[in-house]
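Accompanying notes for the structure given below.
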Amino acid sequence: MIFSPSDGAPPATSPWRRIVPFVALLALAILVTGAGWLGYRYTYDAALARQAERGQVQMRLYAQALESELARYDYVPSLLSLDARIDALLRQPAAPGRVAQANDYLAALNGRAGTRVVYVLDARGKVLATSNHQRPDSYLGEDLSFRPYFRAAIEGQLGRFYGVGTTRSESGYYLSAPLGDRDKPLGVAVVKIGLEPLENRWQGNDSQMLLADENGVVILASDPSWKLAALRPLSPEQRQTLDRSLQYNRAPLPQLALSMVRPLANGPAQGGDALVRLRQGPPMLAQHLALPGTDWDLTLLTNTSQARVAALNSAALAGVLAAFVLLLGAAWNVRRRIASERLAARAALEAANSELERKVAERTADLSASNHLLQAEVAERTRTEAYLRQAQDGLTQAGKLAAVGQMSAGIAHELNQPLAALRTLSGNTGKFLARGDYDTAQQNLEKIIGLVERMGRITGALRSFARNPAAGQGHAARLADAVDNALFLLDTRVAAVAPRIEREIAPHLVVACDPNRLEQVLVNLIGNALDAIRNQPAPLLALHAYEAGGMVHLTVRDNGPGLSEAAFARLFEPFFTTKPAGEGLGLGLTLSAGILNENGGNLTAINHPDGGACFTLALPPAHEAPRHVG
Ligand code: ADP
């Protein structure tokens, strides 16, 4: 549909047309970003899941190492319950040499087992003997009844406890067991193990391993600075309890600034895998594993930068793919639209074509009908033309006859005069012969011969004028001769009017026309001029010939009254005449124009500026010599 300003309704879609590309670009950007985000998220999560699997394996290995390390010393406290020196000490601590014996035994055991300290407490929690008895900071005699491992063992259970030593602030793992009867122990055996060798094995580049105890306090860490930090917030009551038990020897236990980024779906529901961040650092994968047989919890923190790089690559790839697919879709859509437009255009073209063909068929039918009509008309015209030609020929002849008729009075007068003279001369000649006057008779006879010749010329001219054009004399006429002959034919009328005749006709001018026909034209034109100047005081007949524009022209001018408006309008109409009945038929100019046209010429008329009519005939020049007309 084409809109034009005159439609009144401006195209309502034009603002939309401007907005649509922006909307399309925006949609493209959103889709590409969405695809990129999905690609990023999917790859990131998948990479994290793989990383978590590796982490699980690593943690299990660590846990097994830890368990076996701790289990290595399980036997030590039980071993003490079997020893007679320890038993003796517990039963009679004050007996001389008991303590020294026990101390030596414990020192020897400690050295062999590779533990940090081994000591024995009595039932009230007082240290009776210790492997470090020789050191100045020895526990000997100390009251450790507040220690949880003592309480557990005195109640008949095995105690496991991580704590910081009160004397030397040395951290370690305490294992305790009741000595003597389980229900009523005589004392408690304690062994302290250092976990540093494990810690040293944990130190890696990419990951951080933390071991938190039942209080959520880090007791082992691949990064030593994290040690004795709280993984979860400690309530004031908890802190008080810990202060009382001196478990961490009043260490400040700062809160580790680990913040949750988001939990991961693949991890176990509680304490599962999660993305965490340490202060403003990059996100890390946090994984947990509960250590079997303890309340301890292993935490593995691994760097996620590789997963992020992989995710960013996937995001870029997904974005590029999405853009490619969308652009492909857009290109396909454009192509489909072009194809449908092309189909529509083809259908429209075919419709227009068939419409055109229908119209052409209609027009052809119309045209052939008109053609038949035209052919019929042409045939009619041809018939009419033949009829007209016939009529014109008839009229030509009639015109000639009319001229002959007009001339007949003059001719009769012309012939009567020599006839009367002939009668008189012949009568006189007879008398002169009778008298013997032969000279005079001879003169009369010569006059008679002259008169007869003149009469012969008159009738000859008349005969040749009236002759039918079918017996034409050829197609070249000398203009001067034709004018002479016309003037001769009109001699009587010329003599009657007696005009001043101006004549300028070069003898070499020859025109392509039958001489008789040309004379007929000239007789008409000169005759009309004579009629016009008949009553003029100083009648003038001017005949001038000249060549111009490849034609020979002859003007026949008079100083008569000239042509009226009405005469101009109807001059070449047949039977138009202003002359009285019997003098004019109104055919002269019509026939003259016809003759000139037939011979490739024409006839024009104007009123001369000095007065009178001026007719100009024009004919093509002839290239053959004229035949003499007698
Ligand atoms: P006709 O001489 O028989 O009338 P023409 O066809 O020769 O027929 O002339 C038609 C008319 O044109 C004349 O009747 C006359 O009115 C006018 N006409 C022709 N020649 C002249 C002339 N030289 N001067 C004035 N009028 C003329």
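Every number in this text was worked out from the coordinates using simple rules, so none of it is lab data. All values derive from a computational prediction rather than experimental measurement. Cβ sites come from the backbone with ideal geometry, for glycine too, and all protein chains shown count toward neighbours.
Which shape class, rounded, prolate or oblate, goes with the stretch 71-165 when its Cα gyration tensor gives a ≥ b ≥ c as root eigenvalues, a/c under 1.5 marks rounded, and past that a/b bigger than b/c marks prolate? Rounded is the answer for the stretch 71-165, as its axis ratio a/c remains below 1.5.
When both the stretch 299-341 and the stretch 162-235 are represented by their alpha-carbon centers, they are found 51 Å apart.
Over the stretch 310-366, the fraction of Cα-Cα pairs per 5 Å bin, rounded to whole percents and listed from the shortest bin up, is 5, 15, 11, 9, 9, 9, 7, 8, 5, 6, 4, 4, 3, 2, 2, 1, 0.
Under a 5 Å amide H cut-off, with hydrogens placed 1.01 Å from N, L291 pairs with W296, D297, L298 among residues at least 5 apart or on other chains. Residues in the stretch 254-263 carry Karplus couplings, in order, of x, 6, 6, 7, 9, 10, 6, 8, 6, x Hz; the curve used is 6.51 cos²θ - 1.76 cosθ + 1.60 with θ = phi - 60°, and Gly or Pro positions show x.
Once a ≥ b ≥ c are taken as the square roots of the eigenvalues of the Cα gyration tensor of the stretch 472-513, is the result rounded (a/c under 1.5), prolate (a/b larger than b/c) or oblate (a/b not larger than b/c)? Verdict is oblate for the stretch 472-513. Rounded, prolate or oblate: pick one for the chain, where a ≥ b ≥ c are the square roots of the eigenvalues of its C-alpha gyration tensor, a/c under 1.5 means rounded, and failing that, prolate if a/b is larger than b/c, else oblate. Note, shape of the chain comes out prolate. Normalised by the number of residues in the chain, the average gap of Cα pairs under 8 Å and 6 or more apart makes the relative contact order 9 percent. In terms of modelled amide H atoms, which long-range or inter-chain residues lie less than 5 Å from the amide H of F161? It is Y174, by chain and number. Computed from phi, the 3J(HN,Hα) profile of the stretch 554-568 under the Karplus parametrisation 6.51, -1.76, 1.60 (θ = phi - 60°) reads 9, 9, 10, 10, 10, 10, x, x, x, 9, 6, 4, 4, 5, 4 Hz, with x in place of Gly and Pro.
Cβ-to-Cβ counts within 10 Å put F572, F22 in ascending order as F22, F572, the fewest first.
Remark: M59, M551 ranked as M551, M59, counting other beta-carbon atoms within 10 Å and listing the fewest first. Ordering K359, K192 by the number of other Cβ atoms within 10 Å of each residue's own Cβ, fewest first, gives K359, K192. Screening the chain for whole DSSP H helices with an alpha carbon extent of at least 20 angstrom along the helix axis and a mean Kyte-Doolittle hydropathy of at least -0.5 yields 14-71, 98-113, 305-435, 438-466, 515-533.
For a straight C-alpha distance cut-off of 18 angstrom, the aspartates and glutamates reachable from K447 (same-chain residues fewer than eight places away being disregarded) are E414, D437, D439.
For the stretch 251-325, averaging the sequence separation of C-alpha pairs within contact (under 8 Å, six or more residues apart) and dividing by the residue count gives a relative contact order of 18 percent.
Relative contact order of the stretch 202-259, taken over Cα pairs closer than 8 Å and 6 or more residues apart, is 26 percent. Taken about its Cα centre, the chain carries a charge dipole of roughly 1820 debye when the Cβ of each Lys and Arg holds +1 and the Cβ of each Asp and Glu holds -1.
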